[in-house]
């Protein structure tokens, strides 16, 4: 894989390199070049230079580029999946089904829906005085977007952000995670082959200190970041200096609520996949399971049965379900949280330790019971293959437990009752609530992504994700041809009296008051000079009422 940076469609070699390692074998995958501060600013200027032409490019042309990228990814899908598996440690089936398929879907979605989502929209006036005006909303790009992405889905997440920014008419500077620099460059490789014009997308691997300098650039208009809460707060602080538009997705501690009428076979399988997919390294993983006390023992028994059948190993090998953690640092976080839980009284039902006999960052899929909210495992983001199970008595208690978190990304409810599901979904504090499934909505490009509390700011995906990256401009045309408006100067002595009657006509809830106001307004005809805007207003009342 080519490890050179991409600036204005040129492949750039620099003085520094960074090695990428396979987390399963700890062997090097390859090398990527690192950008200096000067090279990062060169990328920003390239994006700024490309912006005027790109923003004017038609929806049709943009859609053709996205469709071209889809065809290229389809052709190169196995190459991309293998690189993901090597650099991040994801089993090949997950690399294909989550990241590759997810990107194919998003390219297809935006190529088909750009024009429909972003065409100008007419807006009717509520204020009847403005009935003669024609107003509308227009969606316009902002400029250069800086995308900073994580290592847990290093292809899918940044591809989503990049395509949304480009679809909105912005140009992009992309800084991949230094843990997965090669797969980040693969995104550029595909889009350049699809015909993206020079400077529209620039990719610069760089160290954290230089990334901070990028955020401070006055030529950046939007910063999109996915990652940890502390880093998100730092980005927010830096972005505030130039009042950048920001989109922050900072993780989750997502609850799964299993009610006593749930299909336990489905729920237990959903819990195991939701907790351990991508080795638990997803902001939308099931990180807390709340199970009705009446069915908890049966649910846990089924979960353990499914968990013990999972195969952990080198993700390139066939039949492997779980690969390694992506980094040693994250492995240590998981170990510490499990130890803290056991120390405080949690029962370790399976797993709880590193996988023996394998050289990489492997951790056994772990199930805990008898947990409570004093434990880090129930409060802090784990980002690893751990499923803690806590019981509840009533549905109100389950909602309260689910909401007892600093995060609010997604949540799932497992029940056969549509009424109960609807009641709970209204009360759970999260950006997305799903019923009888979990975590699938990230792959649905039309569904918004984001949440509340410390999960972050803003939304991505779908038309609402596009709007967050744009200036929503309101325009209004007055073509009535009048030389003045009734609310302009001079006010005179009659205007307050006319207004008083107008208020009764338009806003009073009693019919006799409205009728009296009409006759009072008509009585002003003899007091107002011909051609007066007030007279024109009174004459227009029947037309106003018809509106």
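Summary table
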{"read-out": "Boolean, residue 357 is assigned to a loop (DSSP other than H, G, I, E, B), farther than 23 Å from residue 151 by Cβ and modelled with pLDDT under 95", "value": "yes"}
{"read-out": "Residue list for segment 12-49, restricted to those being within 21 Å of residue 208 (Cβ to Cβ), touching a helix residue (DSSP H, G or I) at 6+ places or on another chain (Cβ under 8 Å) and in a loop (DSSP other than H, G, I, E, B)", "value": "14, 23, 35, 36"}
{"read-out": "Filter result for residue 113 (surrounded by 21 or more Cβ atoms within 10 Å (Cβ to Cβ) and either touching a residue at least 40 places away in the same chain (Cβ under 8 Å) or touching a strand residue (DSSP E or B) at 6+ places or on another chain (Cβ under 7 Å) (or both))", "value": "no"}
{"read-out": "Yes/no for residue 329 being within 30 Å of the chain's Cα centre (by Cα) and either in a loop (DSSP other than H, G, I, E, B) or surrounded by fewer than 24 Cβ atoms within 10 Å (Cβ to Cβ) (or both)", "value": "yes"}
{"read-out": "Scan of segment 443-459 for residues that are in contact with a helix residue (DSSP H, G or I) (Cβ under 7 Å, 6 or more places away or on another chain) and outside any strand (DSSP E or B), ordered by number", "value": "443, 445, 446, 447, 448, 454, 458, 459"}
{"read-out": "Residue that is nearest to the chain's Cα centre (by Cα) [pool: residues in segment 400-440 that are in contact (Cβ under 8 Å) with a residue 40 or more places away in the chain and assigned to a helix (DSSP H, G or I)]", "value": "402"}
{"read-out": "In segment 493-519, the residues that are without any contact (Cβ under 8 Å) to a residue 40 or more places away in the chain and outside any helix (DSSP H, G or I)", "value": "493, 508, 509, 510"}
{"read-out": "Subset of segment 421-430 [touching a strand residue (DSSP E or B) at 6+ places or on another chain (Cβ under 8 Å) and surrounded by fewer than 22 Cβ atoms within 10 Å (Cβ to Cβ)]", "value": "421, 425, 428, 429"}
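The values are calculated or read from the model by the stated rules, or taken from the named source; none is laboratory data. All values reported here derive from a predicted model rather than from experimental measurement. No Cβ is skipped: glycine too gets one built from the backbone with ideal geometry, and neighbour counts run over all protein chains shown.
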